[in-house]
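Engineer: Provided herewith is a single structure, encoded as structure tokens, for subsequent inquiry.
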Amino acid sequence: MTSEILKNEYGISEKLLKLSDKIEAECSARFKEVDEVAEFNQLKILRAFQRVKLSPAHFAPSYGYGYSDIGREKLEELYCAVFNCEAAIVRPAIASGTHALAIGLFGLLKQGDLLVSASGAPYDTLESAIGISGDEPGSLKELGVTYKQVDLTENGLNYEAIAELCQKERPAVVMLQKSRGYSSRNSLSVGEIEKAVKVIKRASSNTVVFIDNCYGEFVETVEPTEAGADIVVGSLIKNPGGGLAPTGGYIVGKKALIDRIANRLTSPGIGAEVGSYAASYLPFFQGLYLAPNAVGQALKGAIFAAALFENLGYKVSPGYMDRRSCIIQSVYMQNKEEVIKFCQAIQKCSPVESHVIPEPWAMPGYQDEVIMAAGTFIQGASIELSADAPIRPPYLVFLQGGLVYAQVKAAVLTAAQRLML
Ligand SMILES: *Cc1c(COP(=O)(O)O)cnc(C)c1O
């Protein structure tokens, strides 16, 4: 049945369909592992919903200052329960993951402080916020915060170098990025984060451990807050929004630190007590509830893509058998034309704007041209299936998300079919 529609409507050849069946069989043990994590996280999240006693009244919108906005308060209480931590800021008014990370860093860091990124270069968009490159007005650098970085080794975190730097310089904040982001490094497991927390705290007990958790939520059965991290930050249009949250970001962790950050979120003295949302909070609750399943579907899609392209002779990272701590999959194309074909096939298999053909363009802030496929309901939501790539060697395409495995499979097969032609 499935092969018929893939053949007749999606133009997948008999030969590729045979390979697809073989690959799915080979992936079945991996898929089972993903299902088990998703089931565990689903039950963990369901318990959290029950513990906070969610009711329909919490879905209601609010206006103006939003004093005693029970929807906002319940959503933050729920994130505390899910992330097993003391306090949470969860707001639709946070415009993106970068915004959430910037609020957190600006809330914690003062003039003269040292910020260390212990997982190598941070995500691209943070470079301007920190002031690593250029002189962006309002950056941490302009504020008088210095920055240092401990690069990753071939085996991941350089614990010795992190310990030495912490001992010597007592950084105010050490930041770790869980996901590989748009680089070729490996993602960090919560286990590795836990070890880093111990190393950092032993060397400098007052240092705040700050985790960029974007793309990492619910890929494992524990979150960084449960492994000793002080502050954990992410985007609601990625994993924890479950594809339904229309916008927003979250910052969770230790109460005293969240209070400081809340003073930056709004104003010193006001903190987290205000903030309204004139639409319903329903999709934030419902999206969090569906998030473990969405992450599971995305992971299965990524594993299938890795196995398929590896089988077709492409280099992929991570490999389909490799451990995963985030939802990003990279596939190395052979040239610019292949990158374009791949992304156009992903777009064509989307539920929204499938008729649009993405082309490489000179995106502001990027050195090389970039092509992006994102036929998503929520603009830019990368928990929905999307693919992007800078047009430069080694012609790496980043594939992530997928609310339903069936779409990822069809899209990846379509890409493979087009590349074989
Ligand atoms: C997506 C992402 C960000 C930034 O989020 P935006 O919503 O794109 O601003 C930061 N860090 C990592 C690891 C990400 O994946």
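For every residue, the table says whether it meets (1) open to solvent by 50 Å² or more (accessible area, probe 1.4 Å); (2) over 15 Å from Tyr289 (Cα atoms).
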{"site": "Ala29", "(1), (2)": "yes, yes"}
{"site": "Asp35", "(1), (2)": "yes, yes"}
{"site": "Arg47", "(1), (2)": "yes, no"}
{"site": "Ala57", "(1), (2)": "yes, yes"}
{"site": "Gly64", "(1), (2)": "yes, yes"}
{"site": "Asp69", "(1), (2)": "no, yes"}
{"site": "Glu73", "(1), (2)": "yes, yes"}
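Engineer: I would also like to ask the following. Kindly list, by first and then second residue, each pair from a residue in the range 1-30 that is at pLDDT 95 or above to a residue that is among the polar types (S, T, N, Q) and surrounded by 12 or more Cβ atoms within 10 Å (Cβ to Cβ), limited to pairs with Cβ atoms under 6 Å and residues at least 6 apart or on different chains.
Structural biologist: Sorted first by the residue in the range 1-30, then by its partner, the pairs are Tyr10/Thr414; Ile12/Gln417; Leu16/Gln417; Leu17/Ser3.
Results for (1) in a helix (DSSP H, G or I); (2) within 16 Å of the ligand (Cβ to nearest atom), shown as yes or no for each residue.
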| position | (1), (2) |
| --- | --- |
| Lys198 | yes, no |
| Asn206 | no, no |
| Pro240 | yes, yes |
| Ile261 | yes, no |
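Engineer: Hey, among the residues in the range 219-238 that are of a type in the set (Gly, Ala, Ser) and part of a loop (DSSP other than H, G, I, E, B), which one's farthest from Ala102 (Cα to Cα)?
Structural biologist: Filtering the range 219-238 down to residues of a type in the set (Gly, Ala, Ser) leaves 227-229, 234-235.
Right, trim to part of a loop (DSSP other than H, G, I, E, B) and you get 228-229.
Numbers: Gly228: 21, Ala229: 17 Å.
By that ranking, first place goes to Gly228.
Engineer: Restricting to the range 117-135, what's the tally of residues that are crowded, with 18+ Cβ neighbours inside 10 Å, more than 20 Å from Leu265 (Cβ to Cβ) and in contact with a helix residue (DSSP H, G or I) (Cβ under 6 Å, 6 or more places away or on another chain)?
Structural biologist: 2
Engineer: Yes or no: the range 353-366 includes at least one residue that is within 26 Å of Leu6 (Cβ to Cβ), surrounded by fewer than 22 Cβ atoms within 10 Å (Cβ to Cβ) and touching a residue at least 24 places away in the same chain (Cβ under 8 Å). Before you say what the answer is, go through the steps one by one.
Structural biologist: Taking the range 353-366 as the starting set, the residues that turn out to be within 26 Å of Leu6 (Cβ to Cβ) are 353-358.
So of that shortlist, the ones also surrounded by fewer than 22 Cβ atoms within 10 Å (Cβ to Cβ) come out as 353-358.
Narrowing the set further to residues that are touching a residue at least 24 places away in the same chain (Cβ under 8 Å) leaves none.
Scanning the range 353-366 turns up no residue that is within 26 Å of Leu6 (Cβ to Cβ), surrounded by fewer than 22 Cβ atoms within 10 Å (Cβ to Cβ) and touching a residue at least 24 places away in the same chain (Cβ under 8 Å).
Engineer: A further question on this structure: For the range 291-305, indicate whether the set of residues that are assigned to a helix (DSSP H, G or I), away from the ligand (no atom under 15 Å from the Cβ) and closer than 23 Å to Ala93 by Cα is non-empty.
Structural biologist: So far as the range 291-305 goes, yes, one or more of its residues are assigned to a helix (DSSP H, G or I), away from the ligand (no atom under 15 Å from the Cβ) and closer than 23 Å to Ala93 by Cα.
Engineer: Step by step: first the residues of the range 182-196, then only those that are in a helix (DSSP H, G or I) and in contact with a Pro (Cβ under 9 Å, 6 or more places away or on another chain), then the one that is farthest from the ligand (Cβ to nearest atom). Which residue is that?
Structural biologist: First, pick out the residues of the range 182-196 that are in a helix (DSSP H, G or I): 190-196.
Next, from what is left, pick out any that are in contact with a Pro (Cβ under 9 Å, 6 or more places away or on another chain): 190, 193-194.
Values: Val190: 15, Ile193: 13, Glu194: 19 Å.
Looking at the filtered set, the residue picked out is Glu194.
Engineer: Taking Thr376 and the conditions (1) open to solvent by less than 70 Å² (accessible area, probe 1.4 Å); (2) among the β-branched types (Val, Ile, Thr); (3) away from the ligand (no atom under 16 Å from the Cβ), which numbered condition does it fall short on, given that it satisfies the others?
Structural biologist: (3)
Engineer: Could you list, in sequence order, all residues of the range 379-421 that are of a type in the set (S, T, N, Q), part of a helix (DSSP H, G or I) and surrounded by fewer than 20 Cβ atoms within 10 Å (Cβ to Cβ)?
Structural biologist: Within the range 379-421, the first condition is being of a type in the set (S, T, N, Q), and the residues that meet it are 379, 382, 386, 400, 407, 414, 417.
Narrowing further to those that are part of a helix (DSSP H, G or I): 407, 414, 417.
Result: Gln417, single match.
Engineer: If you don't mind, there's one more thing I want to ask. Quick one: Leu105 ticks every box in (1) within 14 Å of the ligand (Cβ to nearest atom); (2) at pLDDT 95 or above; (3) farther than 25 Å from Ala227 by Cβ bar one, so which box is it?
Structural biologist: Single failed check for Leu105: (3).
Engineer: Within the range 136-150, which residues are open to solvent by 90 Å² or more (accessible area, probe 1.4 Å) and either aromatic (Phe, Trp, Tyr) or in contact with a helix residue (DSSP H, G or I) (Cβ under 8 Å, 6 or more places away or on another chain) (or both)?
Structural biologist: Passing the criteria: Glu136, Lys141.
Engineer: Taking the condition of being more than 16 Å from the ligand (Cβ to nearest atom), over 27 Å from Gly134 (Cβ atoms) and not in a helix (DSSP H, G or I), how many residues in the range 328-368 meet it? Before you say what the answer is, go through the steps one by one.
Structural biologist: Going through the range 328-368, the residues more than 16 Å from the ligand (Cβ to nearest atom) turn out to be 331-362, 367-368.
Narrowing further to those that are over 27 Å from Gly134 (Cβ atoms): 331-359.
Among the residues that remain, those that are also not in a helix (DSSP H, G or I) are: 331-335, 349-359.
Result for the range 328-368: 16.
The values are calculated or read from the model by the stated rules, or taken from the named source; none is laboratory data. As the structure is a prediction and not an experimental result, all values here were calculated from the model. With ideal geometry, Cβ positions are generated from the backbone for all residues, glycine too; neighbour counts draw on all protein chains shown. The accessibility values were calculated without ligands, DNA or RNA, using every heavy atom of the protein model including side chains. Shrake-Rupley method; radii C 1.70, N 1.55, O 1.52, S 1.80 Å.
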